[in-house]
Amino acid sequence: MKIDILTLFPNSFKPLTESILERASESGKIEINLINIRDYSKDKHKKCDDYTFGGGPGMVMMVQPIFDAMNSIDGVDRAHKIYLSPKGKVFNQKIARKLATYNHLVFLCGHYEGVDQRVIDNFIDEEISIGDYVLTGGELPAMVVIDSVVRLLDGVLGGIESADIESFENNLLEYPQYTKPREFNGMTVPEVLFSGDHKKVDLWRKQEAEKLTRERRPDLWEKYISDKKLEN
């Protein structure tokens with residue numbers, strides 16, 4: 001997967017060079033390109049923002065630098081282009097799985113009061129928000145979405161099952177996990193996990209996942225129950 005990121009602050013993206021994302025890049029699963037929007041400004045001071053027409057607080061990112069930055073991307077017309085915005089649909093695992101099917105993603109990171117609407121009208125295929133709160137820019141949301149999407153690509157995680165049993169798959173939170181030692185400070189691991197009976201272990205995990213979801217995320221629990229009724 002090719003990932004292009006348009007930003008005013010390319011140094012913000014160091015986390016994309018660590019851990020699983022680093023290995024995905026080194027193995028050729030992904031190619032990440034950072035594009036500094038300031039490089040395309042025609043202003044002698046590399047200015048990329050100005051006051052909004054009609055008045056109002058804050059500054060808006062200008063249309064020209066972003067247009068030229070977008071058009072510098074090879075294959076941009078065929079790419080799926082995303083603008084990180086509080087006005088976008090709220091990101092979730094279903095959206096992550098959809099994005100993981102594309103070969104080329106382009107992320108536009110806004111700043112200040114946002115970007116000139118003409119950029120959105122001419123380029124953007126989808127606006128995405130990572131939650132109902134406001135951040136200073138789109139860099140952190142872009143990293144959240146990229147991390148979530150890349151780990152779903154074939155061969156990125158250690159095992160094919162890894163991404164299928166995590167929280168939010170099938171509208172359930174993930175069951176509790178344990179590792180060595182078996183006993184620590186008087187705290188023990190549930191005996192069923194040592195039974196050797198995979199059916200019993202699977203049943204315990206399902207029951208624990210259902211319990212956690214019912215207690216902590218009633219919204220997901222309702223979706224889970226609804227889906228089970230449809231299956232029946």
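Values in this text are rule-based calculations from the coordinates and carry no lab data. In this text, all values refer to a predicted model and were calculated from it rather than measured experimentally. Cβ sites come from the backbone with ideal geometry, for glycine too, and all protein chains shown count toward neighbours.
If you place +1 on the Cβ of every Lys and Arg and -1 on the Cβ of every Asp and Glu, how big does the dipole about the Cα centre of the chain come out, in debye to the nearest 20?
220 debye
Angle, helix 198-216 long axis vs. longest principal axis of the chain, Cα atoms, 0 to 90°, nearest 10? The angle comes out at about 50 degrees. Extending 7 Å from Cα along the Cβ direction at residue 207 and again at residue 193 yields two label points whose distance is 1.6 nm. Placing a pseudo-label 7 Å from each Cα along the Cα-to-Cβ vector at residue 222 and residue 126 gives an inter-label distance of 2.5 nm.
Taking the chain as a Gaussian network of alpha-carbon nodes connected by springs under 10 Å, the highest mean-square fluctuation of the residues 33, 185, 11 belongs to 185. Each residue of the stretch 182-188 is assigned a 3J(HN,Hα), and the resulting list reads 5, 10, 9, 6, x, 9, 10 Hz, derived from the Karplus form 6.51 cos²θ - 1.76 cosθ + 1.60 (θ = phi - 60°), x at Gly and Pro.
Comparing 74, 154, 202 in a Gaussian network model of the chain where C-alpha atoms under 10 Å apart are linked, the largest mean-square fluctuation is found at 202. If I take every Cα pair under 8 Å that is 6 or more residues apart in the stretch 1-93, average their sequence separation and divide by the length, what percent do I get for the relative contact order? Relative contact order of the stretch 1-93: 24 percent. The value given for the stretch 165-231 is a Kirkwood hydrodynamic radius of 13.2 Å, derived from the mean inverse Cα-Cα separation.
Structural descriptor for the chain: relative contact order 19 percent, calculated from alpha carbon pairs under 8 angstrom and at least 6 residues apart. Would you mind checking 98/180; 94/211; 87/223; 87/206; 94/180; 180/206 for any pair whose Cα atoms are more than 28 angstrom apart? Those over the limit are 98/180; 87/206; 94/180. A Gaussian network model of the chain, with springs between Cα atoms under 10 Å, assigns the largest mean-square fluctuation among 127, 18, 113 to 18. Between residue 215 and residue 97, the modelled label-to-label distance comes to 2.7 nm, taking each label 7 Å out from Cα in the direction of the beta carbon.
Here the Debye sum runs over all C-alpha atoms of the chain as equal scatterers in vacuum, and log10 of I(q)/I(0) at q = 0.08, 0.09, 0.12 Å⁻¹ comes out as -0.41, -0.51, -0.80.
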